[in-house]
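The values are calculated or read from the model by the stated rules, or taken from the named source; none is laboratory data. Since the model is a prediction, treat every value here as computed from it, not as a measurement. So basically every Cβ, Gly included, is an ideal-geometry build from the backbone, and we count neighbours across all protein chains shown.
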Amino acid sequence: MINFSRIAKISIISVLVVVVGVVVFVCFKGSEESVFKVTKVIDGDTIVLENGEVVRYIGINAPETGEDNNDCFSQEALNANKELVEGKEVKLRKDVSEKDKYGRLLRYVWVDDVFVNEYLVKEGYALSAEYPPDVKYAEQFDDFEKQAKEENLGLWALCQIDGIICSINAYDCSDFETQKQAQEIYEHCGGADNDIHKLDSDNDRIACEILP
C-alpha cells in the first residue's frame, strides 16, 4: 500500500532543500568578494593586483595623473591611495558590472576596516561619481563629498578659485537648479575651450539644456 503521507513529507523536504539551496546561492553571489595583494598604485582611484589585473574603484573619481599634465591635487590623491593600499592585502567586492570599457575590474575596496572608496571622498582626495548600474553606495558618497566640501578638505581647499573648481571634472548638471547656474560655471571655466565638466554635451555652447 502506498504511503501518501510519507511521499508528501519527502516532497516537502525536497522542495525545502531546493529553496534553501537557491537562497544560499543568491546570498553568496550577492556578497561575492575576493582578497588580493596590491602591487602598484596608478593614481588616486586605480590599482594593480598581484595577478596583474587593474582595478578601478567604483563610485569615485580622483584627480588624474598624466605624463604631460596632472590635475590639481592628483599627487596628493595618489599618495593617499598608496599609503592606504600599496603592498597590502585588500578585500574587493563588485557591484553589478565586472569590468569597464577599458578592461579594468570595477570594485569596492577595503583594507582592514577602512572602506577605501568612501575614505578618499570623505577626506577630499576624490569626488563622488555615479556610473549606473554600479550605484550601491552613490548616495553615501554624495553625502561625504558634500561634507568634505563644507569642511574645505583636500582638493576642495586647494583647487577652488573664487569658490569654483575648473581644473577637475567636479560638477554635472544635477549639481545645478537652473540652466543659468550651469551656464555661469561653464563660462567661468572657459566655455567651449575648457568644458572640463562636460556640461555642453552637444557642443552648442549651451550648458545643461535639460535644466529649466
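For every residue, the table says whether it meets (1) assigned to a strand (DSSP E or B); (2) surrounded by fewer than 16 Cβ atoms within 10 Å (Cβ to Cβ).
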| residue | (1), (2) |
| --- | --- |
| Val109 | yes, no |
| Val121 | no, no |
| Glu187 | no, yes |
| Ser201 | no, yes |
| Pro212 | no, yes |
Looking only at segment 48-73, and only at residues there that are touching a helix residue (DSSP H, G or I) at 6+ places or on another chain (Cβ under 6 Å) and of a type in the set (Val, Ile, Thr), the one that is nearest to Lys122 (Cα to Cα)
Ile60
Is one or more of the residues making up segment 172-183 under 23 Å from the mean Cα position of the chain (by Cα), of a type in the set (Gly, Ala, Ser) and in a loop (DSSP other than H, G, I, E, B)?
no
Somewhere in segment 125-138, is a residue on the phi > 0 side of the Ramachandran plot, in contact (Cβ under 8 Å) with a residue 12 or more places away in the chain, surrounded by 14 or more Cβ atoms within 10 Å (Cβ to Cβ) and out of contact with any strand residue (DSSP E or B) (no Cβ under 9 Å at 6 or more places or on another chain)?
no
Need a quick list: strands (runs of 3 or more DSSP E) entirely within segment 1-83 having at least 1 residues that are surrounded by fewer than 19 Cβ atoms within 10 Å (Cβ to Cβ), touching a Pro at 6+ places or on another chain (Cβ under 8 Å) and at pLDDT 70 or above.
none
